[in-house]
Amino acid sequence: MKKFWRFMLRRNLPSNSLSGVSFAVLGLGDSSYPKFNFIAKKLYKRLVQLGGTALQSLGLADDQHELGPDAVVDPWLKQLWEKVLKMYPLPPGKEIISASERPQSRYRVKFVDSGVQAANHSISIEVDSMEKQVKPNPSPCRRHPFCARLLSNNRVTTADHWQDVRLVQFDIKGSGMSHSAGDVLMVQPSNLADVVEEFITFLALDPNRTFLLEQNDPDIPLPYQLPQPCTIRHLVEHYLDIQGVPRRYFFELLSHFTTSEFEKEKLQEFCSAEGQEELYSYCYRQKRTTLEVLQDFPGASANIPFEYLFELIPPIQPRAFSIASSLMVHPDEVQLPVAVVNYKTKLVKPRRGLCSTWLASLDCCNKDLRVPVWIKKGTISFPKALDAPCLMIGPGTGCAPFRGFIEERISQSVGGCVLFFGCSNSKRDFFFKEEWEPLVENGKLQLFTAFSRDQEDKIYVQHRLRENSSLVWDLLTHKQGWCYIAGNSQRMPTDVTEALLEIFMKEGAMDATAAEEFLKTLERTRHFQSETWA
Ligand code: 2AM
């Protein structure tokens, strides 16, 4: 994408480069982020600028839409196909294959139990095979992760606090990986042991059976994440996202397997245009998992051909965590504060975040245990100039990249760090208190804290920013400082940005437009950056 975009931005492309070229752009976005579908919007604009003809208006799908992104995707695609089929009619006698036919599976499965050694029966063997893959590759990546030893996953919030936050530490010695402040650790999680057992038992699978995968279509490669041969246990534990919330296609495909008329009707309803509200209230509002849906449709689940598990259930995706440590202070280590996601919906069982719960569940005493990881450049970049002051706003685990940056600066005996940190209670979840308070006493760090639940009225970081408006203004103007926001993307980034705009208006005697312009300038020059996550 980067290469393509760089090409598209070339100044010497004539403005009619795309004349005669039709295009359509559909963005898959999430409106809880400040820049909703930013890339799709930019791409659309550029294609028009270069003389392309838009077949239809820009589609902006939203993961926050209560019916999911399909609420936009479906009508958008329908309209697109109508247009495309008008431009390129099907040859006579050919018609669109209807969704009522069961699609072919991408892979064939050959069970090879007798005589063939299973690729792994325990995690340590599996680690060996992964490490072998890693060796020739100097820089670990998604395809060739580094299998890092877990040093600790200690809870850093008090036992009586509602939220379980862990400081997760990995040993990355020998990985060849290095990172600097603002970078991100990618973690490839596995399913929780109890869920794996439940899935295997429910589908009556034999976890020790070993299989080989073969291609049905030479253009569709086999999943690189899986060893060949592979045990069913390995597949369920490390590959299939059985704890994820299934997409609509899952219901469509599942409807082909059931022998029960009632189930078929229900599943087909979920896939129909009229059934979307129903699907939402059954599945998406409660965040029902794939395993739970399978349990609700036993007639279908009992008849799923093994190879269709690959069609029904997507692979587990890696998760990104902002790195909170500096190699200068913690050589050969990566540290992450991880909030363990656990919340209630109408369903009896609480919803658990796959990766955070899995990391918290791991036993660090097990010296054989490894976690597949790799490093990615973060979107935040800190100033090269050592004396440039930095205003960092990071409530909760949002402080992660700033903790790393503070470590980096302190280890080089430079200051200029101003941190606004927020959490619920001064005694329960102020997790880097012991580290930061001495720095404040020594004058190496300026720290402003907002404890939201220590008093009746909520106090947030933006309240502290407003209280210190002249300091903020001075830092960003006279001192040409840098400003960063990191943390949960729900409301915090918008609220904090609003506070900053108010500060600009007050301190700089600006009107709203001028304040916005000033913020945009800061953004353009990278003096204002944010990294937020949902
Ligand atoms: P709360 O959960 O008590 O409302 C880290 O999550 C801290 O960020 C918590 O103290 C949390 O407060 C606070 N927080 C929640 N919403 C926020 C918002 N919109 N702006 C700033 N901080 C917020």
Inside the stretch 15-34, can you point out the residues that are surrounded by 12 or more Cβ atoms within 10 Å (Cβ to Cβ) and either part of a loop (DSSP other than H, G, I, E, B) or free of Cβ contacts under 8 Å to residues at least 12 places away in the same chain (or both)?
Ser17, Leu18, Ala24, Val25, Asp30, Ser31, Ser32, Tyr33, Pro34
Given the options Val472, Val440, name the one that is over 26 Å from the mean Cα position of the chain (by Cα), over 20 Å from Glu502 (Cα atoms), among the β-branched types (Val, Ile, Thr) and away from the ligand (no atom under 15 Å from the Cβ).
Val440
Of the residues in the stretch 387-404, those that are surrounded by fewer than 24 Cβ atoms within 10 Å (Cβ to Cβ) and either more than 16 Å from the ligand (Cβ to nearest atom) or closer than 15 Å to Ser180 by Cβ (or both) number 4
State yes or no: is Glu274 outside any loop (DSSP other than H, G, I, E, B) and without any contact (Cβ under 8 Å) to a residue 40 or more places away in the chain?
yes
Which one is farthest from the ligand (Cβ to nearest atom) among residues in the stretch 505-534 that are in contact with a helix residue (DSSP H, G or I) (Cβ under 6 Å, 6 or more places away or on another chain) and free of Cβ contacts under 8 Å to residues at least 12 places away in the same chain?
Met510
Tell me the residue from Gly52, Gly68 that is under 26 Å from Leu309 (Cβ atoms), buried (at least 17 other Cβ atoms within 10 Å of the Cβ) and of a type outside the set (A, V, I, L, M, F, W, C), please.
Gly68
Being within 14 Å of the chain's Cα centre (by Cα) and either modelled with pLDDT under 95 or among the hydrophobic types (A, V, I, L, M, F, W, C) (or both) is the filter here; which residues of the stretch 348-372 pass it?
Leu354, Cys355
Pick from the stretch 178-209, criterion not β-branched (Val, Ile, Thr) and not in a loop (DSSP other than H, G, I, E, B), ranking: nearest to the chain's Cα centre (by Cα):
Met186
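For residues in the stretch 5-52 being of a type in the set (Phe, Trp, Tyr) and in contact with a Leu (Cβ under 9 Å, 6 or more places away or on another chain), which is farthest from Val73 (Cα to Cα)?
Phe7
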Output yes when any residue across the stretch 451-462 is small (Gly, Ala, Ser), buried (at least 20 other Cβ atoms within 10 Å of the Cβ) and either within 10 Å of the ligand (Cβ to nearest atom) or within 29 Å of Lys427 (Cα to Cα) (or both), and no when none is.
no
If Val414 satisfies every condition in (1) under 28 Å from the mean Cα position of the chain (by Cα); (2) at pLDDT below 95; (3) under 14 Å from Ser326 (Cβ atoms) but one, which is the exception?
(1)
Within the stretch 410-437, which residues are within 16 Å of the ligand (Cβ to nearest atom), of a type outside the set (Lys, Arg) and assigned to a loop (DSSP other than H, G, I, E, B)?
Ser424, Asn425, Ser426, Asp429, Phe430, Phe431, Phe432
Conditions (1) in a loop (DSSP other than H, G, I, E, B); (2) over 17 Å from Trp533 (Cβ atoms) -> Glu407 fails only (1)
Can you name the residue in the stretch 305-318 that is out of contact with any strand residue (DSSP E or B) (no Cβ under 6 Å at 6 or more places or on another chain) and assigned to a loop (DSSP other than H, G, I, E, B) and is also surrounded by the most Cβ atoms within 10 Å (Cβ to Cβ) among such residues?
Ile316
Within the stretch 475-504, restricting attention to residues that are without any contact (Cβ under 8 Å) to a residue 60 or more places away in the chain and part of a helix (DSSP H, G or I), which residue is nearest to the ligand (Cβ to nearest atom)?
Asp495
Mind listing just one residue for me: the one in the stretch 234-248 that is more than 19 Å from the chain's Cα centre (by Cα) and in contact (Cβ under 8 Å) with a residue 60 or more places away in the chain and, of those, farthest from Asp63 (Cα to Cα)?
His234
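Conditions (1) under 19 Å from Gln163 (Cα atoms); (2) small (Gly, Ala, Ser); (3) at pLDDT 95 or above; (4) not in a loop (DSSP other than H, G, I, E, B), marked per residue:
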| residue | (1), (2), (3), (4) |
| --- | --- |
| Asn303 | no, no, yes, no |
| Ala320 | no, yes, yes, yes |
| Val334 | no, no, yes, yes |
| Lys346 | no, no, no, no |
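The values are calculated or read from the model by the stated rules, or taken from the named source; none is laboratory data. None of the values given here were measured: they were computed from a predicted structure. No Cβ is skipped: glycine too gets one built from the backbone with ideal geometry, and neighbour counts run over all protein chains shown.
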